[in-house]
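Heads up: the structure comes next, in structure tokens.
The values are calculated or read from the model by the stated rules, or taken from the named source; none is laboratory data. The shown structure was predicted, so the numbers you read here are calculated from the model rather than taken from an experiment. Using ideal geometry, Cβ is built from the backbone for each residue, glycine included, and neighbour counts are taken over all protein chains shown. What goes into the accessible areas is simple: the full protein's heavy atoms, side chains included, and nothing from ligands, DNA or RNA. Shrake-Rupley method; radii C 1.70, N 1.55, O 1.52, S 1.80 Å.
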Amino acid sequence: MAMSRLTRTPKLTFVQAALGVAVAAAAIGGQPTAHAETVGSSTQKHAAVAADHPEAKVQAKAKISAAQVLALAKAQVGTSEDAAGGGTKFQKWYMNTPRALETVKRDGGSRREYLNAAWCSMFVSWVGAQTGARSMVGWDAYTVEHARWFAKNHRWGQAPKPGAVVFFSWSGSKSLDDIQHVGFVVKDNHNGTISTIEGNTGNGTVAQRVRPTSQVVGYGYPNYTG
């Protein structure tokens, strides 16, 4: 079953259920549904922590094209999660990155819980890292914070561009707090839809999709060359 965004859970919950997965999801009609989420006074503080990460200050250094990033993303199409909703190479990779230690400190839990957590943002992060574009694509397991990182760095907008990181809310909300899913834009179809490549979609696979732009919260723009 596909899962949408990684849902932040209070640290107390993780202490009480040491190996519990901090996500809850359902697939209805092939797309994730909204999750209940704990949002408190610490949200802005957490956003600042993620946005001020050193990766936020080196966006212009990598020289990677949108075509390179999309080629690697497309090569992953068909990769699927296991019966437990995880076990992908994207989750395994993220779990063992230094960034995982930072996001665990921010959100609570343990690194191992990423192994079966919602992985759409981990997929985007993996593609960025493997192509050498990590400093432009960002890396996070939580879609809302991933989007805020782009916004903090003035790389956020409403125009679909090839290679852009696209953030979705199935309700049509334009609030970053309501983001549920993320992927890469392949192209603007100029008919109210975009073609995308996404991880953790459908039945928990990497797949090419066509999405209505009415479900788009916004786009993050990596500083690609060419």
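Which residues' amide hydrogens lie under 5 Å from the amide hydrogen of Ile194, considering only partners 5 or more residues apart or on another chain, with H built in the peptide plane?
Asn189, Arg211, Thr213
Sorted by packing (mean other beta-carbon atoms within 10 Å per residue), highest first, where do 121-130, 92-101, 160-169 land?
Highest to lowest by the protection proxy: 121-130, 160-169, 92-101.
Could you run the Karplus curve 6.51 cos²θ - 1.76 cosθ + 1.60 with θ = phi - 60° over region 74-81 and give me ³J(HN,Hα) per residue in whole Hz, x for Gly and Pro?
Each residue of region 74-81 in turn: 5, 5, 8, 4, x, 4, 10, 6 Hz.
Give the peptides 209-219, 110-120 in descending order of average Cβ contacts within 10 Å, highest first.
Those peptides, ordered most packed to least, come out 110-120, 209-219.
Given H placed 1.01 Å from N in the peptide plane, which residues other than close sequence neighbours of Thr79 have an amide H under 5 Å from its amide H?
Val206
Please label the shape of region 70-202 as rounded, prolate or oblate, based on the square roots a ≥ b ≥ c of the eigenvalues of the alpha-carbon gyration tensor (a/c under 1.5 means rounded; beyond that, a/b larger than b/c means prolate, else oblate).
In terms of gyration-tensor shape, prolate.
For a test of the definition: using alpha carbon positions, the gyration tensor, and the 1.5 limit on a/c, classify region 135-226 as rounded, prolate or oblate.
Rounded, because the longest to shortest axis ratio a/c is under 1.5.
Largest first, how would Asp107, Asp82, Asp188 line up by accessible area (1.4 Å probe)?
Ranking Asp107, Asp82, Asp188 by accessible area, largest first, yields Asp82, Asp188, Asp107.
Quick check: at a probe of 1.4 Å, how many percent of the accessible area of region 184-226 sits on carbon and sulfur atoms?
47 percent
Per-residue accessible area for Arg155 at 1.4 Å probe radius, Å² rounded to 10?
70 Å²
Could you state the accessible area per residue of region 105-209 in Å², with a 1.4 Å probe and every protein chain left in place?
Accessible surface, normalised per residue, equals 32 Å².
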